[in-house]
Amino acid sequence: MAARKILIADDDPAVLGALSARCRRMGFEVDTATNGMQMLLKARRTSPDVMIVDVNMPQLDGLTASFHLLEPGGPPMDVIVVTGCQDQETIERCEAMGMFYASKQAEFWRSVGRALTEIFPQMAETIAEQTQPAAAERDLVPSSPRVLIVDDDEQIGEFLACRLKKLGIETLYASNAARALRLAAGQQPSIVVADYAMPEGDAQFLIARLRSYPATAQVPVVVLTGRPIDEPTAKLLQREVMGHPGAVKIFRKSFDVSELFETIQEYCSARPQTVQVP
């Protein structure tokens with residue numbers, strides 16, 4: 001019997017990696033998408049048996065994309081909607097469309113397991129083995145977004161970390177590229193915010209190394225710079241590396257971090273909040 005096909009769509013690399021690894025161990029053939037539009041195109045092309053879909057994604061949110069796919073006349077498809085926030089309206093919309101729902105909280109793996117068991121009862125034993133607490137804890141899904149800040153100036157790291165915490169975003173800090181690579185591989189941040197010029201490897205070096213490892217290949221990187229960067233350098237930072245994007249944005253360092261935080265929120269699926277920046 002051919003493996004069941006599952007499409008997992010989430011813009012958070014940590015969640016995408018954890019779900020993909022566990023579903024493969026369940027025996028599924030796994031494909032992934034990092035935004036709603038990519039998910040829509042892949043689902044129409046490959047017709048997966050089931051999709052696990054994040055609500056908040058760039059370009060097109062997961063619910064809207066799912067509604068398009070579940071229109072009358074489309075191929076039969078089960079959908080499990082996941083989100084980091086408990087939202088009664090989202091739950092009701094899922095129920096109305098016959099979709100399953102799982103919150104990225106303490107019971108996340110159990111909720112996903114229950115949904116998959118209902119969809120594929122013949123796989124119940126394997127699914128149960130991979131969603132027991134002892135097993136699921138090996139692939140942790142962060143309950144809140146996680147940002148890795150990389151800068152050899154500790155004051156900049158503290159400045160950004162303090163303000164990001166007000167958004168409910170967990171922060172990690174590395175003072176150089178080597179430390180950043182170890183943290184990224186082990187902690188699976190939602191996004192990396194890196195200084196351009198650092199003494200032990202600049203942002204271009206860091207991006208190249210991140211893209212060379214499967215666990216960090218898709219982590220978005222934002223570059224901060226204290227001085228103007230010319231156009232050829234900017235293009236070099238933003239070019240694709242091994243089929244994956246380079247820097248998603250480049251910002252000048254400033255006390256006004258509103259645009260930077262908007263970008264971080266976009267990739268972290270954080271709830272927009274008003275942050276007072278002195």
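Computed from the coordinates by the stated procedures, all read-outs in this text should not be read as laboratory data. These figures come from a predicted structure and were not determined experimentally. Virtual Cβ from ideal backbone geometry, glycine too; neighbours counted across all protein chains shown.
What is the fewest-to-most order of Asp256, Asp195 by other Cβ atoms lying within 10 Å of their Cβ?
Asp256, Asp195
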Mind listing the phi-derived Karplus ³J(HN,Hα) values for region 224-230, rounded to whole Hz, using 6.51, -1.76 and 1.60 with θ = phi - 60°, and x for any glycine or proline? 10, 9, x, 9, x, 10, 6
When Val53, Val81 are arranged by how many other beta-carbons sit within 10 Å of their Cβ, fewest first, they go Val81, Val53
Can you list residues from other chains, or at least 5 along the same chain, whose modelled amide H is less than 5 Å from the amide H of Ile149? Leu172, Tyr173, Ala174, Val193
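Ranking Ser190, Ser258, Ser20 by Cβ neighbours within 10 Å, fewest first, what do you get?
Numbers: Ser190 24, Ser258 9, Ser20 19.
Ranking Ser190, Ser258, Ser20 by Cβ neighbours within 10 Å, fewest first, gives Ser258, Ser20, Ser190.
Rounded to the nearest 5, what is the percent of antiparallel bridges among the DSSP beta bridges in the chain?
Given both bridge residues lie in the chain, the antiparallel proportion sits at roughly 5 percent.
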Please identify, among Gln238, Gln105, Gln155, the residue showing maximal mean-square fluctuation in a Gaussian network model of the chain using a 10 angstrom Cα cutoff. Gln155
Quick shape check on region 146-268: root eigenvalues a ≥ b ≥ c of the Cα gyration tensor, a/c under 1.5 is rounded, otherwise prolate if a/b tops b/c, else oblate, and it reads rounded
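Which value, in debye to the nearest 20, gives the size of the charge dipole of the chain about its Cα centre, when Lys and Arg are +1 and Asp and Glu are -1 at the Cβ? Walk me through the numbers before you get to the answer.
Numbers: 28 positive and 36 negative charges, 98 e Å.
I would put it at about 480 debye.
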Given the candidates Ala161, His244, Pro228, the one whose Cα lies deepest towards the positive end of the charge dipole of the chain, counting +1 at each Lys or Arg C-beta and -1 at each Asp or Glu C-beta, is His244
